[in-house]
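**Q** After the structure tokens below, expect a handful of questions from me.
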Amino acid sequence: MRGPQDYGGLPAGPVDPEKHEHDPTHWEKTVDAMMMLLFDQRRRLARVDESRRMQEALGEDYHKYPYYERWLQAISWLMLEKGVYTQEEFETKQAEVRTRLGAGEDGP
Amino acid sequence: MNIGSRQSRRAESGDDMNETHEHSHVHEHPTHTHDGKPIQEDELPPLEAQILETSVRELLIEKGVITPDDIRRAIDERESRTPALGAKIVARAWDDAEFKGLLMSDADEALKDFGINMSPMELCVVENTEDVHNMVVCTLCSCYPRPVLGIPPAWYKRRDYRSRAVREPRAVLQEFGTVVPDQKQVRVHDSNADLRYLVLPQRPAGTEGWDQKKLARLVTRDSMIGVCDALAATEIAD
């Protein structure tokens, strides 16, 4: 059975070498940096295979996520799975950050 | 734990999808780097993704896994890896037969001179010749020799290239303007988590006696992925 990531050999459109190319944004660089740090020899908290397993677990949503948002999902789930933080800590943090960032977005 | 549905997504995506842009202006990130350069004002992802990124980053910092300085250093490290590094390696291989021999047989050893450590991955260098043209893909994701070439181009990560490179490589090569003669074999190398490929393009004609610095100017990123040849001698100015 093919997973959502398993494109090899399937029909697809033409390759446009210029389209979609952009300089990485600071946000993308930060996600990239986090993944590289977790991969590194000092931390060894993640491997490429593990990151892929998490991205592929997105199922059909795999196709909907931009590249670095997929990476981010993988990091968040992997760190949870490895017990770096608990589900409760994760949810508490997200609620707090949502309030903090959301206030800037929608006004007080 | 889904970051949820949203009305639009940004163009930078692994796949084909709608490309309307969503603008939100939350300035969570610092505005200057540690050496005082202003950080570019660039587009932020959807709010949900910002919330997730901020949450994960802050938790990792609070847990002592990473520091903000680690992130800055990792960004600097990534920015120091560009195709110019790969071009230097190719130019040396064209000019120095002994180095080329080592590069082909034990790339990891050969790259020590360039301060490149592929570990825990392995690098395999494949040589283009009169008889063989090599090209590299990662059908399953975006595995790429980052320590040598930096981050992969957008098309390398996208579905069209990943799907078709292994099925109709000559058609894909044509889309890059590369026509490989029928009598020449095309070999497609599918990268994986542990093994990355670098193409050693053919040295262009008319470059006899050139020094490595000048040779390196002929070596493009795409020639080291194998979707193009190196530039012709006449394509660069003296």
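The values are calculated or read from the model by the stated rules, or taken from the named source; none is laboratory data. The model shown is predicted, which means the values in this text are computed figures rather than measured ones. Neighbour counts are summed over all protein chains in view; Cβ atoms, including those assigned to glycine, are modelled from backbone coordinates with ideal geometry. For accessibility, only protein heavy atoms count, side chains too; no ligands or nucleic acids. Shrake-Rupley method; radii C 1.70, N 1.55, O 1.52, S 1.80 Å.
**Q** Can you confirm whether B:K213 is farther than 17 Å from B:N134 by Cβ, in contact (Cβ under 8 Å) with a residue 40 or more places away in the chain and in the same structural domain as B:T129 (by TED's automatic domain parsing)? Even if it seems obvious, please write down each step before you answer.
**A** Working: farther than 17 Å from B:N134 by Cβ: yes; in contact (Cβ under 8 Å) with a residue 40 or more places away in the chain: yes; in the same structural domain as B:T129 (by TED's automatic domain parsing): yes.
Criteria met by B:K213.
**Q** If you don't mind, there's one more thing I want to ask. Quick check on B:L195: is it touching a helix residue (DSSP H, G or I) at 6+ places or on another chain (Cβ under 9 Å) and of a type in the set (A, V, I, L, M)? Break it down into steps so the answer makes sense when it comes.
**A** On the way: touching a helix residue (DSSP H, G or I) at 6+ places or on another chain (Cβ under 9 Å): no; of a type in the set (A, V, I, L, M): yes.
No.
**Q** For residues that are among the small types (G, A, S) and closer than 21 Å to B:A84 by Cβ, scanning just the range B:143-167, find the one that is farthest from the chain's Cα centre (by Cα). Spell out how you get there, then give the answer.
**A** So in the range B:143-167, the residues among the small types (G, A, S) come out as B:150, B:154, B:163, B:165.
So of that shortlist, the ones also closer than 21 Å to B:A84 by Cβ come out as B:150, B:154.
Numbers: B:G150: 5, B:A154: 9 Å.
The extreme case among them is B:A154.
**Q** Being open to solvent by 50 Å² or more (accessible area, probe 1.4 Å) and in contact with a strand residue (DSSP E or B) (Cβ under 6 Å, 6 or more places away or on another chain) is true for just one of B:E77, B:E122. Which residue is that? Walk me through it before giving the result.
**A** Numbers: B:E77 fails: in contact with a strand residue (DSSP E or B) (Cβ under 6 Å, 6 or more places away or on another chain).
Within the list B:E77, B:E122, the selection yields B:E122.
**Q** Give me a count of the residues in the range B:171-205 that are in a loop (DSSP other than H, G, I, E, B), open to solvent by less than 70 Å² (accessible area, probe 1.4 Å), among the hydrophobic types (A, V, I, L, M, F, W, C) and closer than 26 Å to B:K100 by Cα.
**A** 2
**Q** Scan the range B:127-144 and give yes if some residue there is touching a helix residue (DSSP H, G or I) at 6+ places or on another chain (Cβ under 7 Å), within 29 Å of B:K214 (Cβ to Cβ) and surrounded by fewer than 14 Cβ atoms within 10 Å (Cβ to Cβ), otherwise no.
**A** No, every residue in the range B:127-144 fails to be touching a helix residue (DSSP H, G or I) at 6+ places or on another chain (Cβ under 7 Å), within 29 Å of B:K214 (Cβ to Cβ) and surrounded by fewer than 14 Cβ atoms within 10 Å (Cβ to Cβ).
**Q** Which residues, taken from the range B:167-203, are more than 9 Å from chain A (Cβ to nearest Cβ), closer than 21 Å to B:Y144 by Cα, touching a Lys or Arg at 6+ places or on another chain (Cβ under 8 Å) and β-branched (V, I, T)?
**A** B:V186
**Q** Can you find, within the range A:29-57, the residue that is farthest from the chain's Cα centre (by Cα) among those that are among the acidic types (D, E) and more than 7 Å from every other protein chain (Cβ to nearest Cβ)?
**A** We begin by selecting, within the range A:29-57, every residue among the acidic types (D, E); these are A:32, A:40, A:49-50, A:56.
Now narrow it down to the ones that are more than 7 Å from every other protein chain (Cβ to nearest Cβ): A:40, A:50, A:56.
Working: A:D40: 17, A:E50: 12, A:E56: 11 Å.
Among them, the one singled out is A:D40.
**Q** Within the range A:9-23, which residues are farther than 17 Å from B:R164 by Cα and within 7 Å of chain B (Cβ to nearest Cβ)?
**A** The answer is A:H20, A:E21, A:H22.
**Q** Quick check on my filter: what residues within the range B:61-76 are free of Cβ contacts under 8 Å to residues at least 12 places away in the same chain and within 7 Å of chain A (Cβ to nearest Cβ)? Please lay out each step first, then the result.
**A** From the range B:61-76, those free of Cβ contacts under 8 Å to residues at least 12 places away in the same chain are B:61-68, B:70, B:73-76; that's our starting set.
Selection gives B:K63, B:V65, B:I66, B:D70, B:A74, B:I75.
One line per residue, one yes/no per condition, for (1) among the aliphatic types (A, V, I, L, M); (2) facing another protein chain (nearest Cβ under 9 Å); (3) over 30 Å from A:E56 (Cα atoms); (4) open to solvent by less than 60 Å² (accessible area, probe 1.4 Å):
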{"position": "B:A87", "(1), (2), (3), (4)": "yes, no, yes, yes"}
{"position": "B:V90", "(1), (2), (3), (4)": "yes, no, yes, yes"}
{"position": "B:D96", "(1), (2), (3), (4)": "no, no, yes, yes"}
{"position": "B:D106", "(1), (2), (3), (4)": "no, no, yes, no"}
{"position": "B:P153", "(1), (2), (3), (4)": "no, yes, no, yes"}
{"position": "B:R159", "(1), (2), (3), (4)": "no, yes, no, no"}
{"position": "B:R164", "(1), (2), (3), (4)": "no, yes, no, yes"}
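**Q** Quick check: is even one residue across the range B:186-204 at pLDDT 95 or above and more than 22 Å from the chain's Cα centre (by Cα)?
**A** Yes, the range B:186-204 contains a residue that is at pLDDT 95 or above and more than 22 Å from the chain's Cα centre (by Cα).
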